[in-house]
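Accompanying notes for the structure given below.
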Amino acid sequence: MIPLPDSRTEPDGTAVIRVLSYNIRSMRDDRTALARVIRACAPDLVLIQEAPRFFRWRKAAEKLARAAGLVYVTGGGTAAGPMILSTLRAHVEHTEDVLLPRTPGLHQRGFATAVVRIGGVRLGVLSCHLSLAARERDEQAGLLLERLAAMDVPHAVAGGDLNEQPQGSSFRRLAASLTDAWAAEPWGGELTSTPRDPQQRIDAIFATKGVEVLGCGVPHGLRGVRESDLTAATDHLPVLAALRLPATG
């Protein structure tokens, strides 16, 4: 497998970053394996779905961040599950957790969002977990695009559990306006659910135009990532992307 580029900042301020999207099922599985997977991926930003969001959820989020060598940025209980973690390389300018309109009888959904600076780049970041219901999911995809536009940043990245495969209308709506990182530069594995016998790609990372995708996929074969940890950590496989972000001053 072709190596995935490491993070770096180039002399002109251009940043190469690693972004990881991961549904962690409220940390109900092997937490040690989960932390090992995240550490081995060496991400600058982690877009979490199904973070702990009930009793003592902040303490659980802090424990995961510490075990993975990261810091908590935003989200979790305040965003109904999506959460963002980062390394100290990311300077956080602004955070906002957004609760989405809720259909009676369905789960509350939300976005965890942040604006960060890495190198000479100002970047919008969004973690999402879209609805199981098709109509609500389509509405949430539209709200995601609106939210990215409202962040008023030169570049943005969004990732999450879409609960839908690429042929679905919500996935296609996002891919029509954003770059589907796997489709742009596939690397590693494609399918994300479920870990022991993956049959579908329902987790994805998207970037706005102008962001160069250097590789994206499930980190099978990445140094330090054990297949036993991938199956023990949670009920989804993670998606890891390397992106080149042009300096924005």
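The values are calculated or read from the model by the stated rules, or taken from the named source; none is laboratory data. Source: prediction; values computed, not measured. In this analysis, Cβ positions are derived from the backbone assuming ideal geometry, glycine residues included, and neighbour counts consider all displayed protein chains. Accessible surface areas use protein heavy atoms only, side chains included; no ligands, DNA or RNA. Shrake-Rupley method; radii C 1.70, N 1.55, O 1.52, S 1.80 Å.
What to note about this one:
- Of everything listed in (1) surrounded by 21 or more Cβ atoms within 10 Å (Cβ to Cβ); (2) in contact with a Pro (Cβ under 9 Å, 6 or more places away or on another chain); (3) among the small types (Gly, Ala, Ser), the single unmet condition for Gly210 is (1).
- Residue among Asp203, Asp229, Asp180 that alone is among the charged types (D, E, K, R) and touching a Cys at 6+ places or on another chain (Cβ under 9 Å): Asp180
- Scan of the stretch 177-207 for residues that are part of a strand (DSSP E or B), over 20 Å from Arg18 (Cβ atoms) and open to solvent by less than 20 Å² (accessible area, probe 1.4 Å), ordered by number: Ser193
- You will find that of Ala175, Ala156, the residue that is touching a helix residue (DSSP H, G or I) at 6+ places or on another chain (Cβ under 8 Å), in contact (Cβ under 8 Å) with a residue 40 or more places away in the chain and farther than 24 Å from Gly105 by Cβ is Ala156 and no other.
- Condition met for Leu174 (outside any strand (DSSP E or B) and under 17 Å from the mean Cα position of the chain (by Cα)): yes
- The residue that is most open to solvent (accessible area, probe 1.4 Å), counting only those in the stretch 57-74 that are of a type in the set (A, V, I, L, M, F, W, C) and touching a strand residue (DSSP E or B) at 6+ places or on another chain (Cβ under 8 Å), is Val71.
- Of residues in the stretch 41-68 being assigned to a loop (DSSP other than H, G, I, E, B) and under 17 Å from the mean Cα position of the chain (by Cα), the one farthest from Ala112 (Cα to Cα): Ala42
- Phe54 meets all of the listed conditions (1) aromatic (Phe, Trp, Tyr); (2) touching a Cys at 6+ places or on another chain (Cβ under 6 Å); (3) open to solvent by 20 Å² or more (accessible area, probe 1.4 Å) but one, namely (2).
- Top-ranked residue in the stretch 13-35 [being in a loop (DSSP other than H, G, I, E, B) and more than 16 Å from Leu123 (Cβ to Cβ); ranked as least open to solvent (accessible area, probe 1.4 Å)]: Ile24
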